[in-house]
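Below is one structure, written out as structure tokens, with a few remarks after it.
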Amino acid sequence: MRKVLLTGDRPSGQLHLGHYVGSLKNRIALQNSGEYDCFVLIADVQALTDNFNDPQKVRDNVFEVALDYLACGLDPARTTIAIQSLMPVLAELTVYYLNLVTLARLERNPTVKTEIGQKGFGASIPAGFLCYPVSQAADITFCKAHVVPVGVDQLPMIEQTREIVRSFNAIYGEVLVEPEALIPDNKQSQRLPGITGNDTKMSKSLGNGIYLADDADTLRAKIRQMYTDPGHLRVSDPGRIEGNTVFTYLDVFGTDTAHITELKEQYQRGGLGDVKVKEYLFEVLEAELGPIRARRLEFAQDPAAVYEMLRAGTDAANEVAAATLREVRAAMKIDYFG
Ligand code: TRP
């Protein structure tokens with residue numbers, strides 16, 4: 001039997017280059033390896049836990065994320081892409097799993113803790129938000145996923161899921177599968193800086209992102225604004241490559257390492273201007289993003305086909321979920337009518 005792989009995204013905006021190098025690229029490689037039964041969830045229920053007052057935004061972002069997936073090469077023939085809110089089994093599993101976690105444990109989850117601070121909930125933390133790791137455990141277990149490719153910030157979610165699974169299996173019998181996180185090898189890709197500099201991670205809320213949907217002019221303009229070395233004033237001045245975002249990006253996205261090494265040496269010696277390095281970075285990024293953008297535009301022209309793909313994926317995921325739920329209900333002795 002092939003291993004099952006599941007991952008997901010909260011549709012809180014279009015996907016940016018941080019998502020792309022940190023997870024999408026890796027996911028597509030895993031899909032193409034043919035080693036796994038792949039599922040990807042667009043986690044709109046999770047997005048609603050902190051955007052419940054802006055449902056239109058969440059709805060729009062589900063479509064944007066679907067476009068990003070298709071444009072990058074997630075292939076509905078090989079990966080089942082499903083919408084979380086259209087899978088009622090997930091809500092049901094969440095309710096059963098809530099008995100297996102304590103409030104204190106939820107409050108200790110480091111990722112949730114950080115987010116609560118960032119969102120400024122103060123003492124008024126929505127219960128749904130605090131509990132989203134439990135709903136994420138339902139996401140991961142409905143298909144008995146063995147592996148969950150995620151970034152390091154998601155490790156606490158996987159740990160919490162593993163605890164729920166162990167607890168469920170100990171009480172009700174061995175039904176669920178304890179998942180493992182799969183962290184991409186390329187550590188550097190885990191924390192792509194935003195265009196404003198290396199001490200800021202690319203994120204929508206910081207407004208420092210480059211998006212897969214950005215057109216070529218926007219890409220060029222964002223690269224022009226990129227943080228380099230503030231001490232590098234004249235072309236002839238020696239420049240620093242440490243903490244220089246343009247070089248960080250070249251290390252992540254460039255393939256011609258000999259040429260990049262040469263550029264770095266020249267920059268450090270003096271005699272290489274930011275404009276030139278930035279123009280090269282534009283070429284490198286455009287070579288990778290141009291085809292993705294073109295495919296994105298094509299899919300965007302046919303929303304009905306995109307929604308049809310999502311409907312078919314959700315149907316398939318619901319069938320898998322129904323089978324797991326039958327086992328869960330039997331184990332919990334709530335299968336009253338068989
Ligand atoms: N919490 C994840 C994020 O914020 C999104 C997510 C939802 C997810 N369900 C999942 C990730 C299941 C992995 C598995 O990015």
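The values are calculated or read from the model by the stated rules, or taken from the named source; none is laboratory data. What you see is a predicted model, and the numbers here were worked out from it, not measured in a lab. Neighbour counts run over all protein chains shown; Cβ positions are idealised from the backbone, glycine included. Just so you know, the surface numbers come from the protein's heavy atoms only, side chains and all, with ligands and any DNA or RNA stripped out. Shrake-Rupley method; radii C 1.70, N 1.55, O 1.52, S 1.80 Å.
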Original post:
Is segment 63-83 home to any residue that is open to solvent by 20 Å² or more (accessible area, probe 1.4 Å), part of a helix (DSSP H, G or I) and without any contact (Cβ under 8 Å) to a residue 60 or more places away in the chain?
Top reply: no
Original post:
Quick check, is SER135 assigned by TED's automatic domain parsing to the domain that holds LYS25, in contact with a Ser or Thr (Cβ under 8 Å, 6 or more places away or on another chain) and not in a loop (DSSP other than H, G, I, E, B)?
Top reply: yes
Original post:
When segment 259-297 is examined, which residues are found to be open to solvent by 20 Å² or more (accessible area, probe 1.4 Å) and of a type in the set (Val, Ile, Thr)?
Top reply: THR261, VAL275, VAL284
Original post:
Exactly one of (1) within 16 Å of the ligand (Cβ to nearest atom); (2) at pLDDT 95 or above; (3) among the hydrophobic types (A, V, I, L, M, F, W, C) is unmet by ALA71. Its number?
Top reply: (1)
Subject >> Complete set of residues in segment 26-47 that are within 15 Å of the ligand (Cβ to nearest atom) and small (Gly, Ala, Ser) >> reply: ALA43, ALA47
Original post:
Among the candidates GLU178, GLU242, which residue alone is open to solvent by 10 Å² or more (accessible area, probe 1.4 Å), in a loop (DSSP other than H, G, I, E, B) and within 16 Å of the ligand (Cβ to nearest atom)?
Top reply: GLU178
Subject >> Single condition ASN169 does not satisfy, out of (1) part of a helix (DSSP H, G or I); (2) within 13 Å of the ligand (Cβ to nearest atom) >> reply: (2)
Original post:
Would it be correct to say that GLU163 is without any contact (Cβ under 8 Å) to a residue 40 or more places away in the chain and more than 14 Å from the ligand (Cβ to nearest atom)?
Top reply: no
**OP:** Within segment 191-202, track down each residue that is modelled with pLDDT under 90 and open to solvent by 30 Å² or more (accessible area, probe 1.4 Å).
**Re:** ARG191, ASN198, ASP199, THR200, LYS201
Subject >> Count of segment 1-25 residues which are away from the ligand (no atom under 12 Å from the Cβ), open to solvent by less than 40 Å² (accessible area, probe 1.4 Å) and among the polar types (S, T, N, Q) >> reply: 0
**OP:** Filter segment 114-142 for residues that are of a type outside the set (A, V, I, L, M, F, W, C), surrounded by 13 or more Cβ atoms within 10 Å (Cβ to Cβ) and free of Cβ contacts under 8 Å to residues at least 40 places away in the same chain and give the result.
**Re:** PRO133
